[in-house]
Amino acid sequence: MGQTLPKPGLRPFLPADTSILAAIFVAAIQELTGDDYSEAQQEAWAAVAEDEATFGKRLAGQLTLIATLQNSPVGFVSLKGPDHIDLLYVHPGAVGQGVATMLVDALEKLAGARGAKILTVDASDNAEPFFKKRGYVAMQRNTVTINGEWLANTTMQKTLAENAAPGAPS
């Protein structure tokens, strides 16, 4: 390779981002979940972003962070309430560049600073290994209906580190 990839940037969600984030949502589902979900399941799931006004309100009503590469959005994460990761999506072209890690690192820090002790996420089957590597533990399997299709996911949780001094007992 030999080439240094640009470092992703991070910024808050703006209403003008809704269209590009909806496109990232759809592209991630269509291109990254085929091993775990059927085409009908993918279509039903991706259809959640068809109503951009509703999708934008969902993002605006949560703490939503956007990852950028060369100032273009390539991924996003949102925190619902004080302690639940609602959405984490990265454009297929930016997978493997540390985007999801950067987004979740930032969200964990912000949630912890706001007083959250535990974070939960309902991880899709393809996202579960990512969260597991980050210390999230599977709590239960779920089946949800989206636009008439049944999809499975796993509720996972992670205890956030206390802001203790290095070496202090936890």
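The values are calculated or read from the model by the stated rules, or taken from the named source; none is laboratory data. As the structure is a prediction and not an experimental result, all values here were calculated from the model. Methodologically, a virtual Cβ is constructed for each residue, glycine included, from the backbone with ideal geometry; neighbour enumeration extends over all protein chains shown. For accessibility, only protein heavy atoms count, side chains too; no ligands or nucleic acids. Shrake-Rupley method; radii C 1.70, N 1.55, O 1.52, S 1.80 Å.
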**Message:** About the Cα centre, and with charges only on the beta carbon of Lys, Arg (+1) and Asp, Glu (-1), how big is the dipole of the stretch 1-95? Nearest 20 debye, please.
**Reply:** 540
**Message:** How much length would be gained if the chain were fully extended between residue 10 and residue 60, taking 0.36 nm per residue of separation minus their Cα-Cα distance, in nm to one decimal?
**Reply:** 16.4 nm
**Asked** On average, how much accessible surface per residue is there in the stretch 79-123, in Å², for a 1.4 Å probe, leaving out ligands, DNA and RNA?
**Response** 44
**Item:** Residue range of the chain that is longest and free of GluC sites (Glu not before Pro) which are both DSSP loop and sparsely packed (at most 13 other C-beta within 10 Å)
**Value:** 51-161
**Request:** Summarise the accessible area of the stretch 92-167 (1.4 Å probe, protein heavy atoms) by the percent that is carbon and sulfur.
**Result:** 54
**Item:** the stretch 43-117: translational diffusion in µm²/s, Stokes-Einstein, Kirkwood Rh over Cα pairs, 10 °C, 1.306 mPa s
**Value:** 121
**Asked** lysines near residue 57 by alpha-carbon distance under 16 Å, same-chain residues fewer than 8 away left out - which ones?
**Response** 80
**Message:** Under a Cβ-only charge scheme (Lys and Arg +1, Asp and Glu -1), can you give me the dipole magnitude of the chain about the Cα centre, in debye to the nearest 20?
**Reply:** 820
**Request:** Would you work out which of 12, 49, 154 lies farthest towards the positive end of the dipole of the chain, given +1 charges on the beta-carbon of Lys and Arg and -1 on that of Asp and Glu, about the Cα centre?
**Result:** 12
**Item:** Helix-derived mean residue ellipticity, 222 nm - over the chain, DSSP H n ≥ 4, -39500 (n - 2.57), to 500
**Value:** -9500 deg cm²/dmol
**Prompt:** How far apart, in nm, are two points set 7 Å out from the Cα along the Cα-to-Cβ line at residue 71 and at residue 145?
**Reply:** 4.7
**Square roots of 5 times each gyration tensor eigenvalue, C-alpha, the chain, largest first, Å** = 25, 20, 17
**Dipole magnitude (debye, nearest 20) for the stretch 89-140, charges at Cβ of Lys, Arg, Asp, Glu** = 220
**Hydrodynamic radius of the stretch 1-93 per Kirkwood, over alpha carbon pairs, in Å** = 13.9
